[in-house]
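Working notes, structure below.
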Amino acid sequence: MDHQDGQRSEPAEGGPLEGGPDEDRLFSEANAWHFRLQSDDVRPAERAAFAEWLARSPAHSHAWTGLQTLLHDLKEPARAAYAGSRIASPRRPAATGMRRLAMAMTILLVVGGLGGWHGPTLYQNAVADQVTSTGQRRTLTLPDGSTVDMNGDTALALDYRDGERRVRILRGEAWFQVTRDPDHPFVVDGGAGAARVLGTQFSVRRENDRTTVTVGEGLVEVVAHRNADSSAPWPDSVRLHPGESADADAHGVTGPRAADPAVAFAWRQGQIVFRQQSLASVITALNRQWPGRVVLLNDEAAERVVSGVFALDRPDAVLDALERGLGVRATRITPYLTLLR
């Protein structure tokens, strides 16, 4: 399975990490393992995979030990930061540890303390056929000639066995241009719902327990994987035409509603468009596109309205515009963490 472009280099066996990409990568992996292992649904195979990861080299063990120390020291400062207080670590970290400090703070700030892991990213990457990292976009050609544009932080699993044309979105968002084949419907399963087409252009986004489908061309049937005990009045399926969108979750399908393809598909041109959206929702969208995290510490600013067209490869320009337009102040801790007050 092709998970990343290019090969990742491991640190020399037994050699210490001197800082830089390898150290940051191992620390990120240690972060992911820490929160995954606290989940209620962690599997024995995952625990075995973690043990193998930990024993791979002294550098892996060093990253794990360093993470545990930082998480212990940062638990209370991170909670204070959420309340808008001044962050004051119990121990002042050495300059060489600032990147790791910011990365750990990012996770703690976003999940609101230890034990708040939401989403088995490691498992998704393990079963996926194609994965993009945050901020990365990729175009694929599928076995039937259909094409897929993958947004950042997206994982796809492909199933073309026995004449089927099925794609599972494990997380993230993808845009599809489907080659027409009346004898073999094309199905995109987004967890809470699925999109079924013969040949068309549309996008599917999977976010938590909700699947959103937006149509650019053709006709798309959206089907919800409804819970058996759901009593919600929403239908199990709807048909979408160009310029329409719908959401599917365990209660059924809501929609159709009008959708602007120029806004919904802007990420394919390296842009992100906001039209009268709350700052809180803007930050959520930005965090899907950029490595690291932008964290809003000013609750009063969360509902302020944002409109604009921004380039995804110019995060500083977006933050500058938010500062000028909304009066918030951006504090760039490192490339991994920006605080908005």
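Using heavy-atom solvent-accessible surface (probe 1.4 Å) with all chains present, what is the largest-first order of 164, 29, 173? Working shown, then result.
Numbers: 164 90, 29 40, 173 20 Å².
The ranking, largest first, comes out as 164, 29, 173.
Rg over Rh of the range 241-341, using C-alpha atoms and the Kirkwood radius, what does it come to? Write out the running numbers ahead of the final one.
On the way: Rg = 15.0 Å, Rh = 14.8 Å.
That ratio equals 1.01.
Could you tally the net charge around residue 289, taking each other residue with its Cβ under 15 Å from the Cβ of residue 289, Lys/Arg +1 and Asp/Glu -1? Before the final figure, lay out the partial values.
Working: positive: 137, 138, 171, 205, 268, 288, 293, 314; negative: 149, 153, 173, 207, 313, 316.
That works out to +2.
First compute the accessible area of the range 187-341 with a 1.4 Å probe, then give the percent of it belonging to carbon and sulfur atoms.
Numbers: 3490 of 7440 Å².
Its accessible area is 47 percent carbon and sulfur atoms.
What does the charge dipole of the range 151-222 about its Cα centre add up to, to the nearest 20 debye, if the Cβ of each Lys and Arg holds +1 and the Cβ of each Asp and Glu holds -1?
On the way: 10 positive and 12 negative charges, 19 e Å.
Dipole about the Cα centre, nearest 20: 100 debye.
Among 253, 213, 302, which residue has its Cα furthest toward the positive end of the charge dipole of the range 187-337, with +1 on Lys/Arg Cβ and -1 on Asp/Glu Cβ?
Towards the positive end, the residue furthest out is 302.
Please work out how much length the chain gains when fully extended from residue 209 to residue 55, using 0.36 nm per residue of separation minus the C-alpha to C-alpha distance, in nm with one decimal. Each step should come with its number before you reach the end.
Details: separation 154, 0.36 × 154 = 55.44 nm, distance 3.49 nm.
Gain in length upon complete extension: 51.9 nm.
At 0.36 nm per residue, and after removing the present C-alpha to C-alpha distance, how many nm does the segment from residue 303 to residue 341 gain when stretched out fully? Display every interim value, and only then the final one.
Working: separation 38, 0.36 × 38 = 13.68 nm, distance 1.34 nm.
Here the answer is 12.3 nm.
Report the net charge of residues surrounding residue 184, where surrounding means a beta-carbon distance below 9 angstrom and charges are Lys +1, Arg +1, Asp -1, Glu -1. Spell out each step's value before the answer.
On the way: positive: 165; negative: 144, 164, 181, 183.
So the surrounding residues net to -3.
Fully extended, how many nm does the chain gain between residue 262 and residue 326 (0.36 nm per residue separation, minus their Cα-Cα distance)? All intermediate terms of the calculation are to be shown ahead of the outcome.
On the way: separation 64, 0.36 × 64 = 23.04 nm, distance 2.46 nm.
Length gained between residue 262 and residue 326: 20.6 nm.
Given a Förster distance of 45 Å, report the FRET efficiency between residue 271 and residue 162 from their Cβ-Cβ distance, rounded to the nearest 0.05. Kindly include the intermediate steps, with their values, before the conclusion.
Working: r = 40 Å, r/R0 = 0.88.
Efficiency, rounded to the nearest 0.05: 0.70.
Over the range 137-250, with the other protein chains present, what is the accessible area per residue in square angstrom, probe 1.4 angstrom?
Details: 5140 Å² over 114 residues.
With all protein chains present, the range 137-250 gives 45 Å² per residue.
The values are calculated or read from the model by the stated rules, or taken from the named source; none is laboratory data. The structure displayed is predicted, hence computed values, not measured ones. Cβ: placed from backbone, ideal geometry, glycine included. Neighbour counts: every protein chain shown. SASA here: full protein model, heavy atoms, side chains in, ligands and nucleic acids out. Shrake-Rupley method; radii C 1.70, N 1.55, O 1.52, S 1.80 Å.
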